[in-house]
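A.B. asks: Here you go, one structure.
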Amino acid sequence: MTHRTTTRTRIVWDWNGTVRDDLADHVAALNATLPALGGRPVSADTYRAKHRVPIRAFYDELLGRTITDAEWQSNDSAFLTVLDARPVRLRTGVRQLMMRLRARGIGQSLLSLAPHDRLEREVHHVGIGALMDRVDGRHGPSVTSKAPALAAHLRALGPGVDPAGVVVIGDSCDDAAAARAVGAVPVLHTGGLHSAERLAADGAPLVDTLEEAVEIGLAVVSERVGARA
């Protein structure tokens, strides 16, 4: 879904662990698939401490071995099947927050490394698609960084999008690294798939709610704009 925009200030939202409140869903899907690979179920704390991209490397670390291509393909399919069976829950208050941002004329889009078709289906299901200028998920195999996808996402939004006016809100250090790679402002929140301890080491602004993330991110963008004026 795409709508061209020339809005100077905008938010790029992450999906899993950020807009979608799904830590428990991911832990459940992981624990449903680990036994077939010879692994043991893990706690949410272990998940948040070790989760990383590419996800295949995450499994390698948990199992203490390198899984085969066949194991990965089978496991990835099984994981998504379990995840798809669970209801999509938005983080509390995020729809209302997005509506307020839209009323203020602040552009919003959504970028995820989740499979694109599933992402679009979920976003439409929870009724926030119309609030987004663009929704992009992953079209190919798992990747090691979100940075190339973010660069492509901003280009697709149109020539009026200045990365200096973009706030990237996510729940992982990779979200912050991607933002820095394109010149955007990263803000991380503590309620997602990565632990607060890991996120604190990144150095990006770290908050407990998405409301705070928006407030801090927009303040940094405002300072940047003022400094360049």
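The values are calculated or read from the model by the stated rules, or taken from the named source; none is laboratory data. Keep in mind the model is a prediction, meaning the values are calculated, not measured. Using ideal geometry, Cβ is built from the backbone for each residue, glycine included, and neighbour counts are taken over all protein chains shown.
A.B. asks: Looking at (1) assigned by TED's automatic domain parsing to the domain that holds VAL161; (2) surrounded by 13 or more Cβ atoms within 10 Å (Cβ to Cβ), which one does GLY105 not meet, given that it meets all the others?
C.D. replies: With (1) assigned by TED's automatic domain parsing to the domain that holds VAL161; (2) surrounded by 13 or more Cβ atoms within 10 Å (Cβ to Cβ) applied to GLY105, the lone miss is (2).
A.B. asks: Can you find a residue in segment 20-28 that is surrounded by 14 or more Cβ atoms within 10 Å (Cβ to Cβ), modelled with pLDDT under 95, closer than 18 Å to GLY192 by Cα and under 20 Å from the mean Cα position of the chain (by Cα)? Steps first, please.
C.D. replies: Applying the first criterion (surrounded by 14 or more Cβ atoms within 10 Å (Cβ to Cβ)) to segment 20-28 yields 20-23, 25-28.
If we keep only those that are modelled with pLDDT under 95 too, we end up with none.
Checked segment 20-28: no residue is surrounded by 14 or more Cβ atoms within 10 Å (Cβ to Cβ), modelled with pLDDT under 95, closer than 18 Å to GLY192 by Cα and under 20 Å from the mean Cα position of the chain (by Cα).
A.B. asks: If we keep just the residues of segment 51-77 that are basic (Lys, Arg) and modelled with pLDDT under 95, which is farthest from THR92 (Cα to Cα)? Steps first, answer last, please.
C.D. replies: Narrowing segment 51-77 to residues basic (Lys, Arg): 52, 56, 65.
Now restrict to residues that are modelled with pLDDT under 95: 52, 56.
Working: ARG52: 25, ARG56: 30 Å.
The qualifying residue farthest from THR92 (Cα to Cα) is ARG56.
A.B. asks: Now for a different question. Looking at (1) in contact with a helix residue (DSSP H, G or I) (Cβ under 6 Å, 6 or more places away or on another chain); (2) surrounded by 13 or more Cβ atoms within 10 Å (Cβ to Cβ); (3) over 18 Å from ARG180 (Cα atoms), which is the only condition HIS139 fails?
C.D. replies: It fails just one condition, (2).
A.B. asks: Just name the residue that is farthest from ALA147 (Cα to Cα) out of those in segment 21-30 that are of a type outside the set (A, V, I, L, M, F, W, C) and not in a loop (DSSP other than H, G, I, E, B).
C.D. replies: Selected residue: ASP25.
A.B. asks: Regarding ARG86, is this residue closer than 29 Å to LEU210 by Cα, surrounded by 17 or more Cβ atoms within 10 Å (Cβ to Cβ) and among the charged types (D, E, K, R)?
C.D. replies: no
A.B. asks: OK, next. Taking only pairs six or more apart or across chains, which ones have beta-carbon atoms under 9 Å, a first residue in segment 1-17 that is modelled with pLDDT under 50, and a second residue that is in a strand (DSSP E or B) and of a type in the set (Ser, Thr, Tyr)?
C.D. replies: Correct list of pairs: THR5/SER109.
A.B. asks: Over 23 Å from ALA201 (Cα atoms), in a loop (DSSP other than H, G, I, E, B) and of a type in the set (Ser, Thr, Tyr): which single residue out of THR18, THR81, THR33, THR66 fits that description?
C.D. replies: THR66
A.B. asks: So the check is Cβ under 6 Å with 6+ separation or different chains; which pairs have a first residue in segment 28-55 that's not assigned by TED's automatic domain parsing to the domain that holds GLU197 and a second one that's surrounded by 15 or more Cβ atoms within 10 Å (Cβ to Cβ) and among the aromatic types (Phe, Trp, Tyr)?
C.D. replies: If the second residue must be surrounded by 15 or more Cβ atoms within 10 Å (Cβ to Cβ) and among the aromatic types (Phe, Trp, Tyr), the pairs left are ALA29/PHE79; THR33/PHE79; HIS51/PHE58; ARG52/PHE58.
A.B. asks: Moving on to the next point. If only one of ARG100, ARG52, ARG8, ARG89 is within 16 Å of the chain's Cα centre (by Cα) and farther than 19 Å from VAL143 by Cβ, which one is it?
C.D. replies: ARG89
A.B. asks: When both residues are 6+ apart or on different chains and their Cβ atoms are under 6 Å apart, which pairs have a first residue that lies in segment 178-203 and is more than 23 Å from HIS153 (Cβ to Cβ) and in the same structural domain as ASP14 (by TED's automatic domain parsing), and a second that is acidic (Asp, Glu) and surrounded by fewer than 24 Cβ atoms within 10 Å (Cβ to Cβ)?
C.D. replies: THR190/ASP208
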